[in-house]
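Enquirer: Got a structure here, written out as structure tokens. Questions coming.
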Amino acid sequence: MEGHLANRGAGDVAQMKLRVLVACEFSGTVRRAFRALGHDAWSCDLLPAEDGEDVHHYRGDALAMMWGSYWDLMICHPPCTHLAVSGARWFKDKKVEQEHALMFVERLLDGPVDCIALENPISIISSRIRKPDQIIQPWQFGHGETKATCLWLKNLPKLVPTNIVEGREARIHKMPPGPDRWKERSRTFPGIAEAMAQQWSDYIISKHRVAA
Ligand SMILES: C[S@@+](CC[C@H](N)C(=O)[O-])C[C@H]1O[C@@H](n2cnc3c(N)ncnc32)[C@H](O)[C@@H]1O
């Protein structure tokens, strides 16, 4: 058995409690989904946690937090402002910002964690780094909305839709301008967070059981 789980104390292994870092998350949505299943999940963002969590939220740089051979799984939501193809008309004016954003993504994807998922909208990550492993939609996970969400996966399976619903509203695109619009647009859908928590923790734990 490779990876950090192999070095875990008997108590943690018996309980199969995973250590999960949710990088670039202010909402706490994915953190809460994993914690609801009993895992040791932390969010990390330059911003404070909007749900008031101050124990399991680290306010600081995810690139620093990911080191230390601690995490079994890292789920990353890096900023898409300079990467999303929906902003292509401004690309020519933000070459430097774009290079920095791509470097940030690369460093997360190359992070020292066995299992990594990185989420972003349709973006230049596909042409500049590599194509995503999967593209999901909120309507596949119980939310009647469209928002193509790409996943880049390391040692993780594709997510299986949990609840395909009828609605196909593009709510996010219709949001009026305002200072918090980006937050509303970037918050992870709870149905997707729950699928990540259930499916990826089941996968990692079952892989560990086979190898033990
Ligand atoms: C697109 S939003 C993701 C929001 C997320 N889906 C959620 O539900 O909270 C990107 C987030 O990355 C954070 N961020 C940017 N650079 C960061 C860094 N170096 N370390 C940690 N967080 C960072 C921003 O503050 C922002 O909240």
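For (1) of a type in the set (S, T, N, Q); (2) surrounded by 16 or more Cβ atoms within 10 Å (Cβ to Cβ); (3) over 20 Å from the mean Cα position of the chain (by Cα), each residue gets a yes or a no:
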| site | (1), (2), (3) |
| --- | --- |
| ARG128 | no, no, no |
| GLN137 | yes, yes, no |
| THR149 | yes, yes, no |
| LEU156 | no, yes, no |
| VAL165 | no, no, yes |
| ARG168 | no, no, yes |
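Enquirer: Restricting to region 128-155, give me the number of residues that are of a type in the set (S, T, N, Q) and modelled with pLDDT under 95.
Expert: Result for region 128-155: 1.
The values are calculated or read from the model by the stated rules, or taken from the named source; none is laboratory data. In this text the structure is predicted, and so the values were computed from the model without any measurement. Every residue, glycine as well, gets a Cβ built from its backbone with ideal geometry; the counts of neighbours run over all protein chains shown.
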